[in-house]
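**Student:** After the structure tokens below, expect a handful of questions from me.
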Amino acid sequence: MISYYVLFPNHDNGMRLYREMKENGLKCTIAPTPREASKCCGISLLVKKEDLDQIRQIVKEKQIEILQIAEIKKDIDPNRDRYC
Amino acid sequence: MADYHQMWKDLGMDVETHDQLCEVLPQAFGDVYLSQENRPEGMDYYNFVVAEIHGVRPAELIEHQKKGGKVFGTFCVYVPDEIVFAADAIATGLCGGSQFWVPGGEKVLPTNTCPLIKASVGARLDRTCPFFRIADMYVGETTCDGKKKAWEILAEDVPVHVMDLPQMKREKDIKAWADEIRIFRGVVEEMTGNQVTAESLHNAIVLINNKRRALSRLYDLRKNEKLPISGKDALLISQIAFYDDPTRFTEMTNKLCDELDQRVKDGVSVFLEGTKRIMLTGTPLAIPNWKLHNLIETSGGAVVCEEMCTGTRYFERLVDEAEGTVDEQIDHLAERYMGINCACFTPNSARIDDIIRLAKEYKVDGIIDVNLKFCSLYDCEGYHVEKALKEAGIPVLGIETDYTDSDAQQLRTRISAFIEMLNS
């Protein structure tokens, strides 16, 4: 399954997009940045594929800085039993 | 996705080794938390805190230090944060909940020491946690033998003040704890250069009580038949309570509870009807120890309450908010904190009463008595806990575990069998 993560240079921009998306009724989840996307840690936004165009538009209009929208083949598995 | 490497280097951290922890956290968090259906939207705040766990809050603490403020690291729910905040300092929990830090602790401690102590010592000595680097002073206490010796080892590397917690609950013991708090006040005042006044202590008592009220409100919502939030989400909130800014934490937790109130009104549950309600009792689950909750909630159970330091022991009962002299308020602190029931006390029958009471309040179907490996206090007390629960007709499963993944499958089998038994 492909998941879409918006990555940011800092959390301020991440939270700005989060708030804008909520105001526009778009679903998103704050998540730790997946290692497959970047070695830097911090927040990313897990978003839906069908919302990507609208997200890009918000980013442009509101001048929110993002690094990229990463497409990640992600297998979230609650039974993997790999903790940290 | 900020780059905190420079901040970590400035703190003297072993950034390369620390990176190994950063590598596993996103997947573990994704598996345990982002796999859930219908999570409350308010959990996004706690996702944020975890995603920025070694970034945002450490940066805030460093900012506080740049302005001349001090940071005190604590390891136990008996240490009164109120004294620290009353001196314009910040208290932050330092308990280690990851296997990542354990080998570092084993370099100086016997292997048969509990993982919480080994992880806490390892996080400091291996220089792999920013919170352990930032704290100007550690505040230890005498709740167990392993910790007492750990403070001596840590004191070679960082200033440590140890509070002598009485191990009985007679009137003279409560007075003795009040005296310890007075000594602690002096230590904090000397370290910070700030006075604890009647007004600042009163404000700090209200500040921390408000955090307790928010957590109490969250836990009350878990008493509902239809559970508006999972046990693992509630655990995460409890864990974050130890190190987040108390004002912000209280605000965000109350905001989440508003959402949960609405869920209760709408009859929304995050579990299927008939899911067995499990309460955990025993040793604490420090962040990022999510193993047991995840195992239970992926094996047909719902965790509805934790009679643990990362649970009811942390927030139940408020400190008397009556204004008075510093001495009078310290007596109120001692009364509240000595009401916590930890296995380090003898006798400790009030803890058994707590467990039975909580089992009724949260309408539990079964209890899992959890013991962190090598914690002889809680292990020994398990005899009385399990005996009392059997007499009360409450099914109980005793589990001993550590921070490793190696027993996960075996635990899953045992937990599944226990829940199956509750279903039959």
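The values are calculated or read from the model by the stated rules, or taken from the named source; none is laboratory data. Remember, predicted model here, so these are calculated numbers, not experimental data. Using ideal geometry, Cβ is built from the backbone for each residue, glycine included, and neighbour counts are taken over all protein chains shown.
**Student:** How many of the residues making up the stretch B:124-134 are more than 14 Å from B:Glu16 (Cα to Cα) and within 18 Å of the chain's Cα centre (by Cα)?
**Tutor:** Going through the stretch B:124-134, the residues more than 14 Å from B:Glu16 (Cα to Cα) turn out to be B:124-125, B:131-134.
Filter once more, keeping what is within 18 Å of the chain's Cα centre (by Cα): B:131-132.
Total meeting the criteria: 2.
**Student:** A further question follows. Provide a single number: the residues in the stretch B:371-406 that are among the aliphatic types (A, V, I, L, M) and more than 13 Å from B:Ile355 (Cα to Cα). Break it down into steps so the answer makes sense when it comes.
**Tutor:** Of all residues in the stretch B:371-406, those among the aliphatic types (A, V, I, L, M) come to B:372, B:377, B:385, B:388-389, B:392, B:394, B:396-397, B:399.
Going one step further and asking which of them are more than 13 Å from B:Ile355 (Cα to Cα), we end up with B:372, B:377, B:397, B:399.
Residues flagged as among the aliphatic types (A, V, I, L, M) and more than 13 Å from B:Ile355 (Cα to Cα) within the stretch B:371-406 amount to 4.
**Student:** Moving on to the next point. Can you pull out every residue in the stretch A:23-35 that is farther than 17 Å from B:His54 by Cβ and either within 13 Å of the chain's Cα centre (by Cα) or facing chain B (nearest Cβ under 7 Å) (or both)?
**Tutor:** Here is the first cut: in the stretch A:23-35, the residues farther than 17 Å from B:His54 by Cβ are A:23-29.
If the condition is that a residue be farther than 17 Å from B:His54 by Cβ and either within 13 Å of the chain's Cα centre (by Cα) or facing chain B (nearest Cβ under 7 Å) (or both), then A:Leu26, A:Lys27, A:Cys28, A:Thr29 are the ones that fit.
**Student:** Report, by residue number, each residue of the stretch B:383-418 that is in contact (Cβ under 8 Å) with a residue 40 or more places away in the chain and either closer than 18 Å to B:Leu280 by Cβ or in a helix (DSSP H, G or I) (or both). Show your work before the answer.
**Tutor:** Step one: list which residues in the stretch B:383-418 are in contact (Cβ under 8 Å) with a residue 40 or more places away in the chain, which gives B:385, B:399, B:401-405, B:408, B:411-412, B:415-416, B:418.
The answer is B:Val385, B:Ile399, B:Thr401, B:Asp402, B:Tyr403, B:Ala408, B:Leu411, B:Arg412, B:Ile415, B:Ser416, B:Phe418.
**Student:** Same structure again: Among the residues in the stretch B:238-245, are any buried (at least 16 other Cβ atoms within 10 Å of the Cβ), touching a Lys or Arg at 6+ places or on another chain (Cβ under 7 Å), modelled with pLDDT of 95 or more and not in a helix (DSSP H, G or I)?
**Tutor:** Yes, that holds for at least one residue.
**Student:** Taking the condition of being closer than 15 Å to B:Tyr337 by Cα and free of Cβ contacts under 8 Å to residues at least 12 places away in the same chain, how many residues in the stretch B:172-188 meet it?
**Tutor:** So the first thing to find is which residues in the stretch B:172-188 are closer than 15 Å to B:Tyr337 by Cα, and the list is B:172-182, B:184.
In the following step, the residues that additionally are free of Cβ contacts under 8 Å to residues at least 12 places away in the same chain were identified as B:172, B:179.
Selection size over the stretch B:172-188: 2.
**Student:** Also, I was wondering about something else. Please list, ordered by residue number, the helices (runs of 4 or more DSSP H) wholly in the stretch B:1-100 having 1 or more residues that are within 14 Å of another protein chain (Cβ to nearest Cβ) and within 24 Å of the chain's Cα centre (by Cα).
**Tutor:** Details: elements: B:5-10, B:15-29, B:43-51, B:56-66, B:81-86.
Once the helices (runs of 4 or more DSSP H) in the stretch B:1-100 are filtered for at least 1 residues that are within 14 Å of another protein chain (Cβ to nearest Cβ) and within 24 Å of the chain's Cα centre (by Cα), what remains is B:15-29, B:43-51, B:56-66.
**Student:** If A:Glu20 satisfies all but one of (1) at the interface with another protein chain (Cβ under 9 Å from one of its Cβ atoms); (2) in contact (Cβ under 8 Å) with a residue 12 or more places away in the chain, what's the number of the condition it fails?
**Tutor:** (1)
**Student:** I would also like to ask the following. State which residue is farthest from A:Tyr5 (Cα to Cα) when the search covers only the stretch B:5-29 and only residues that are surrounded by 13 or more Cβ atoms within 10 Å (Cβ to Cβ) and free of Cβ contacts under 8 Å to residues at least 60 places away in the same chain.
**Tutor:** Filtering first and then ranking leaves B:Val15.
**Student:** Are any residues in the stretch A:59-74 more than 14 Å from chain B (Cβ to nearest Cβ) and buried (at least 18 other Cβ atoms within 10 Å of the Cβ), and if so, which ones?
**Tutor:** Initially, the stretch A:59-74 is screened for residues more than 14 Å from chain B (Cβ to nearest Cβ), giving A:59-63, A:71.
Within the stretch A:59-74, A:Val59 is the sole residue that qualifies.
**Student:** Still on this structure: For B:Ile117, are the conditions met, namely being touching a Leu at 6+ places or on another chain (Cβ under 9 Å) and closer than 20 Å to B:Glu190 by Cβ?
**Tutor:** Numbers: touching a Leu at 6+ places or on another chain (Cβ under 9 Å): yes; closer than 20 Å to B:Glu190 by Cβ: no.
Against the criterion (touching a Leu at 6+ places or on another chain (Cβ under 9 Å) and closer than 20 Å to B:Glu190 by Cβ), B:Ile117 does not qualify.
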